[in-house]
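Remarks on the structure that follows.
The values are calculated or read from the model by the stated rules, or taken from the named source; none is laboratory data. The structure displayed is predicted, hence computed values, not measured ones. Here the Cβ positions follow ideal geometry from the backbone for every residue, glycine too, while neighbour counts run over all protein chains shown. Protein only, heavy atoms only, side chains kept; ligands, DNA and RNA dropped before computing areas. Shrake-Rupley method; radii C 1.70, N 1.55, O 1.52, S 1.80 Å.
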Amino acid sequence: MTSSTSGPKGKPIEARSQRSQWSDRSFTWLTRLMAFGVAAVLVFIGVQVAIDAMPAIRRYGLEFLVTSSWNPVDDAYGALPVIYGTLVSSFIALLLAVPIGVGTALFLSEDFLPRPVRTVLSFMVEMLAAIPSVVYGIWGIFVLIPFLGPIGDWLHQNLGWIPLFGTAYLGPGMLPAALVLTVMILPIITAIARDSLISLPPALRQAALGMGATRWTAIFRVLIPAAFSGIVGGIMLALGRAMGETMAVTMLIGNSNDLNISILAPANTVASLLANQFAEAGDLQIAALMYAGLVLFGLTLVVNILAEMIVQRVNVYK
Amino acid sequence: MEHTAQHTDVPALRDTETVIATEQLNVYYGDFLALRNVNMAIPERKVTALIGPSGCGKSTLIRCFNRLNDLIDSFHLDGRVTYYGQDLYQDVDAVQVRRRIGMVFQQPNPFPKSIYDNIAFGARATGLTTDLDELVERSLKRSALWEEVKDKLKTNGLSLSGGQQQRLCIARAISTEPDVVLMDEPCSSLDPLSTLKIESLIRELAEEYTIIIVTHNMQQAARMADYTAFFNAEATEDGKRSGYLVEFAPTRKIFDQPAQEATRNYVNGQFG
Amino acid sequence: MTATDYRTRADRARRAIADQTSGPGYFDLFWTGVAGFFTLLALIPLVLVLAYVVFRGFSRLNWAAFTQLPPPPLAPDQGGFANALIGTLIMVGIGALVSVPFGVLAAVYLSEFSQGQVPRWIRFATNVLSGVPSILMGVFIYGLFVITTGTYSAVAGGFALGVLMLPIIVRTTDESLQIVPKQVRWAAIGMGASKFQTVLRVVLPAALPAIATGLTLAVARAAGETAPLLFTALFSQYWLDSLLQPTASLSVLVYNFARVPYEGQQRLAWAAALILVGIVMLTSILSRWATRKQIY
Ligand SMILES: Nc1ncnc2c1ncn2[C@@H]1O[C@H](COP(=O)(O)OP(=O)(O)OP(=O)(O)O)[C@@H](O)[C@H]1O
Ligand SMILES: [Mg+2]
């Protein structure tokens, strides 16, 4: 065997080539720049929207948040109805999606069904999140709204004395929008709740069952409490998603800026207000819309930061 | 707990030239002193084995030799590690160090690439302008893998058996013609037959390379190593265990007439 | 604590649990039924939406749909969404072109080069960014780009989609890179490969299948998005002949044509919705299948 190819044994180690050092350094810097760039985009969005909202902020101040007129003719703008609509539609959606989502997550994380069936069903629930928002919109217009007609009429006729059903069902309105929102956030809650349930240590369940607890006692007393913060994190993420959801809501909510407590009446959200008016708005109206957008940005930012903090704490605990 | 410095003085190994030497080497992970006051001189073209109980810092030491510990944020050392007299931690580029001092790991870790590309990687990375086909063949032959894989050089390295993967990793390590090959328990995840193959391979490689091998297997050290260093770990005042070199001598001496009681107990399996 | 003490407590606990289950299994049966019913409830919308989209959209998917411009309001069953399809492809392409290098490099920093608290904060910001409503990405690009260039355009739309895809790409690439075992990195570094070579020749190729899956999902997600395009790309009835003019997209076409009283346009909206759903479903299923044959 030739040993002539051997390296320079014993010779001092020389410096690395300039090119190699330079490529290492510049590559590292490039990636660092990009990483900070991603964080910067988040800040930029806030700053850009705030700058564009400035004329409206100066003119209307904080009163914007509690004023309920939206009148481009008189330049009178207030975001109360859309903020109310955003919060209420998200709240109704959560109210429905949380039990259904957590129930589904339990059903698909325990061994009620054979594993392959569970995998397929979980995948199908996840597919709910993949369907584009605008497709839910068109489905809502042509299928859900007509379908809800008799139900809405019945609610108004029989329970009309409750303010929530105080107006006649006109089609587009809070009810269909909130229902579609429910469907859209369901997969988020289910997926995260299921993840946190699955990642619980098996010993926990065995300990509970070993003490003679039945399956559902174990679920209620041990598993759900242990997975609680994960589930809450998922719910917060879903809330953020619901508040910012645009297309399906815009197509179904009726886009009325009148504040109405009835869920059968048309309403509006910040996101759908933007979707509806932005393209045709004049200068001050754009600023007012930007102001509303800034409010939405702040709301979702707070919710998402809380959600992330909860989810991260859970991950650390894992 | 006072048998530290006086027992670690190393017998002078002046029959061959020293490749790597440590002088008063202390290694830390953060505040934790993992290795303390290691002085040893590793001879050229011999097999040197590092033995000792788990956690005594064998891996830590071997990773100091090619500056792989640089990857660990909390790592730092004082004292000196020299390579033919040159301080490895003073004005030396770690990447260049690793081109001279190669490494084989405990878990076989071929790249998820073809067998051919695994071997050619080093040459390509270092910009060597050799005949790659020839380099691949030569490296595989020297690591006794050629006959088994010569017809499937394009298949993924991960498709080989564990023992074959480890020999592929050895072939990869020697493809760049390092001076020293560090091996951290290279056989611990392999079956006995693969282990035997790799042992005899290591013996052969020692004709050309300096081999430093960590092993938990006494017989393996006895069979293969020319020199053996025994490390132990011991609780310091703050209750943490830091490792130190107990004895470094020709293998025969370590196993037959060790100077230290602790060494005798360890190699006779009466360690506790 | 004494032994008897312990025993009484254990007894008490056992009795408490035994009391719970005194009904012969009805409690469990009831809740299993509820959970199963909720699961069914969750799946019904999927089946209904898919069924309707296929049912209403499929019959309209003729050759003209893929080759012609959108029909005028009163022309029944003429025309197509060819310009919208092209617009979607181009804008998603622009978005990917912007966000893929950006996001992949950022993820390389997070998983390969960063240390300490910095990556934690950037990951945090990335996750928060992915929760920012997509319509605000449109608002952002409107302020940044549409106002500056003075026109709605494919480029603006593409940028808005790019912002949308960015956090998804960062996160999936980051995760894919972290799946690559650190032993593989050590192998490369231990041979004297530089950081650049280790990442470019070993780590990224090893993670490539997983990264590609993530990119595909991001692209599919962007293809279905409407809100960021509403006032960046707007819409157009005509063929695209410049990247700096209003541009049609499938999703905005669905939005526009679903709300008009003209049946011809409504039917085209359903057909476009079917295409969107098809793209998204197909990529999701394919990516599922692809992740099965990953390296690690
Ligand atoms: N990255 C690290 N950070 C902090 N401490 C570490 C790190 N790596 C190793 N240690 C500590 O350093 C000491 C020596 O570890 P090392 O891995 O070198 O031991 P070893 O002799 O190789 O053990 P084994 O035989 O189990 O491989 C141990 O106490 C270990 O916990
Ligand atoms: Mg070790």
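Restricting the stretch C:230-269 to residues that are in contact with a Phe, Trp or Tyr (Cβ under 8 Å, 6 or more places away or on another chain) and more than 23 Å from C:I141 (Cα to Cα), which is nearest to the other protein chains (Cβ to nearest Cβ)?
Only one residue fits best here, namely C:A258.
Considering only residues that are open to solvent by 20 Å² or more (accessible area, probe 1.4 Å) and under 30 Å from A:W29 (Cβ atoms), which ones fall in the stretch C:65-95?
Across the stretch C:65-95, the qualifying residues are C:G93, C:I94.
Can you tell me how many residues in the stretch B:239-261 are within 16 Å of ligand 1 (Cβ to nearest atom), open to solvent by 20 Å² or more (accessible area, probe 1.4 Å) and small (G, A, S)?
1
Go through the stretch A:203-318 and tell me which helices (runs of 4 or more DSSP H), entirely inside it, have 3 or more residues that are open to solvent by less than 20 Å² (accessible area, probe 1.4 Å) and touching a residue at least 40 places away in the same chain (Cβ under 8 Å).
Result: A:228-244, A:247-252, A:270-277, A:283-317.
Looking at (1) within 14 Å of another protein chain (Cβ to nearest Cβ); (2) away from ligand 2 (no atom under 16 Å from the Cβ); (3) open to solvent by less than 50 Å² (accessible area, probe 1.4 Å); (4) out of contact with any helix residue (DSSP H, G or I) (no Cβ under 7 Å at 6 or more places or on another chain), find the lone condition where B:E204 falls short.
(3)
Would you pick out the residues in the stretch C:97-152 that are of a type in the set (G, A, S), surrounded by fewer than 23 Cβ atoms within 10 Å (Cβ to Cβ), closer than 30 Å to A:A275 by Cα and more than 7 Å from every other protein chain (Cβ to nearest Cβ)?
C:S130, C:G150, listed by residue number.
With the condition kept exactly as written, say whether any residue in the stretch B:58-68 is farther than 30 Å from A:Q21 by Cα and within 16 Å of ligand 1 (Cβ to nearest atom).
Yes, the stretch B:58-68 has at least one match.
I'd like to verify a number: residues in the stretch C:182-196 that are within 7 Å of chain B (Cβ to nearest Cβ) and open to solvent by 30 Å² or more (accessible area, probe 1.4 Å), how many?
The qualifying residues number 2.
Please find, among B:T215, B:T236, the residue that is more than 14 Å from chain A (Cβ to nearest Cβ), open to solvent by less than 10 Å² (accessible area, probe 1.4 Å) and of a type outside the set (A, V, I, L, M, F, W, C).
Of B:T215, B:T236, the one residue that is more than 14 Å from chain A (Cβ to nearest Cβ), open to solvent by less than 10 Å² (accessible area, probe 1.4 Å) and of a type outside the set (A, V, I, L, M, F, W, C) is B:T215.
Taking the condition of being within 16 Å of ligand 2 (Cβ to nearest atom) and within 14 Å of chain A (Cβ to nearest Cβ), how many residues in the stretch B:52-70 meet it?
Looking only at that region, the number is 2.
Among (1) modelled with pLDDT under 95; (2) surrounded by fewer than 16 Cβ atoms within 10 Å (Cβ to Cβ); (3) among the aromatic types (F, W, Y), where does C:F37 come up short?
Status for C:F37: all satisfied but (1).
Would you kindly identify the helices (runs of 4 or more DSSP H) lying entirely within the stretch B:84-143 that contain at least 1 residues that are more than 11 Å from every other protein chain (Cβ to nearest Cβ)?
Where helices (runs of 4 or more DSSP H) fall fully within the stretch B:84-143 and carry at least 1 residues being more than 11 Å from every other protein chain (Cβ to nearest Cβ), they are B:115-126, B:132-142.
Going residue by residue through the stretch B:103-123, is there one that turns out to be within 28 Å of B:E44 (Cβ to Cβ), within 16 Å of ligand 1 (Cβ to nearest atom) and of a type in the set (F, W, Y)?
Among the residues of the stretch B:103-123, at least one is within 28 Å of B:E44 (Cβ to Cβ), within 16 Å of ligand 1 (Cβ to nearest atom) and of a type in the set (F, W, Y), which makes the answer yes.
Write out, first by first residue and then by second, each pair whose Cβ atoms fall under 9 Å of each other, whose residues are 6+ apart or on separate chains, and whose first residue, in the stretch B:182-200, is within 12 Å of ligand 1 (Cβ to nearest atom) while the second is open to solvent by 70 Å² or more (accessible area, probe 1.4 Å).
B:D184/B:Q106; B:E185/B:Q106; B:E185/B:H216; B:S188/B:Q106; B:S188/B:Q107; B:S188/B:H216
Has the stretch C:257-277 got at least one residue that is surrounded by fewer than 24 Cβ atoms within 10 Å (Cβ to Cβ), assigned to a loop (DSSP other than H, G, I, E, B) and free of Cβ contacts under 8 Å to residues at least 12 places away in the same chain?
Scanning the stretch C:257-277, I find at least one residue that is surrounded by fewer than 24 Cβ atoms within 10 Å (Cβ to Cβ), assigned to a loop (DSSP other than H, G, I, E, B) and free of Cβ contacts under 8 Å to residues at least 12 places away in the same chain, so the answer is yes.
Considering only the stretch C:199-207, I want to know if a residue exists there that is more than 22 Å from C:F66 (Cβ to Cβ), within 11 Å of chain A (Cβ to nearest Cβ), part of a helix (DSSP H, G or I) and over 14 Å from the mean Cα position of the chain (by Cα).
Within the stretch C:199-207 (the criterion being more than 22 Å from C:F66 (Cβ to Cβ), within 11 Å of chain A (Cβ to nearest Cβ), part of a helix (DSSP H, G or I) and over 14 Å from the mean Cα position of the chain (by Cα)), the answer is yes, since at least one residue qualifies.
Checking the condition basic (K, R), on the phi < 0 side of the Ramachandran plot and either away from every other protein chain (no Cβ under 12 Å) or under 23 Å from the mean Cα position of the chain (by Cα) (or both), which residue from A:R205, A:R118 passes?
Sole residue among the options that is basic (K, R), on the phi < 0 side of the Ramachandran plot and either away from every other protein chain (no Cβ under 12 Å) or under 23 Å from the mean Cα position of the chain (by Cα) (or both): A:R205.
Can you list residue pairs whose Cβ atoms sit under 7 Å apart, with the first residue in the stretch B:43-60 being in contact (Cβ under 8 Å) with a residue 40 or more places away in the chain and under 13 Å from B:R241 (Cα atoms) and the second being charged (D, E, K, R) and within 9 Å of ligand 1 (Cβ to nearest atom)? Count only pairs 6 or more apart in sequence or on different chains.
B:G55/B:R241
In the set B:S139, B:S175, B:S189, which member is surrounded by fewer than 23 Cβ atoms within 10 Å (Cβ to Cβ) and either under 25 Å from B:M218 (Cα atoms) or touching a helix residue (DSSP H, G or I) at 6+ places or on another chain (Cβ under 6 Å) (or both)?
Exactly one of B:S139, B:S175, B:S189 is surrounded by fewer than 23 Cβ atoms within 10 Å (Cβ to Cβ) and either under 25 Å from B:M218 (Cα atoms) or touching a helix residue (DSSP H, G or I) at 6+ places or on another chain (Cβ under 6 Å) (or both), namely B:S189.
Going by the structure shown, is A:V66 within 13 Å of chain C (Cβ to nearest Cβ) and under 26 Å from the mean Cα position of the chain (by Cα)?
Against the criterion (within 13 Å of chain C (Cβ to nearest Cβ) and under 26 Å from the mean Cα position of the chain (by Cα)), A:V66 does not qualify.
Only one of (1) among the aliphatic types (A, V, I, L, M); (2) part of a strand (DSSP E or B); (3) within 16 Å of ligand 2 (Cβ to nearest atom) fails for B:V19. Which number is that?
Evaluating B:V19 over (1) among the aliphatic types (A, V, I, L, M); (2) part of a strand (DSSP E or B); (3) within 16 Å of ligand 2 (Cβ to nearest atom) leaves (3) as the failure.
Restricting attention to the stretch B:19-57, report how many residues are on the phi < 0 side of the Ramachandran plot and either open to solvent by 10 Å² or more (accessible area, probe 1.4 Å) or more than 12 Å from the chain's Cα centre (by Cα) (or both).
Going through the stretch B:19-57 one residue at a time, the tally reaches 25.
For B:D133, only one of the following conditions fails: (1) within 11 Å of ligand 1 (Cβ to nearest atom); (2) closer than 26 Å to B:L160 by Cα. What is its number?
Failed condition: (1).
Mind telling me which of the residues A:T250, A:T246 ends up being at the interface with chain C (Cβ under 10 Å from one of its Cβ atoms) and under 13 Å from A:P176 (Cα atoms)?
A:T250
Which of the numbered conditions does B:A49 fail, given that it passes all the others? Conditions: (1) within 16 Å of ligand 2 (Cβ to nearest atom); (2) among the hydrophobic types (A, V, I, L, M, F, W, C); (3) not in a strand (DSSP E or B).
(3) is the only condition that B:A49 fails.
Any residue at all in the stretch A:73-85 that's within 10 Å of another protein chain (Cβ to nearest Cβ), hydrophobic (A, V, I, L, M, F, W, C), free of Cβ contacts under 8 Å to residues at least 40 places away in the same chain and in a loop (DSSP other than H, G, I, E, B)?
no
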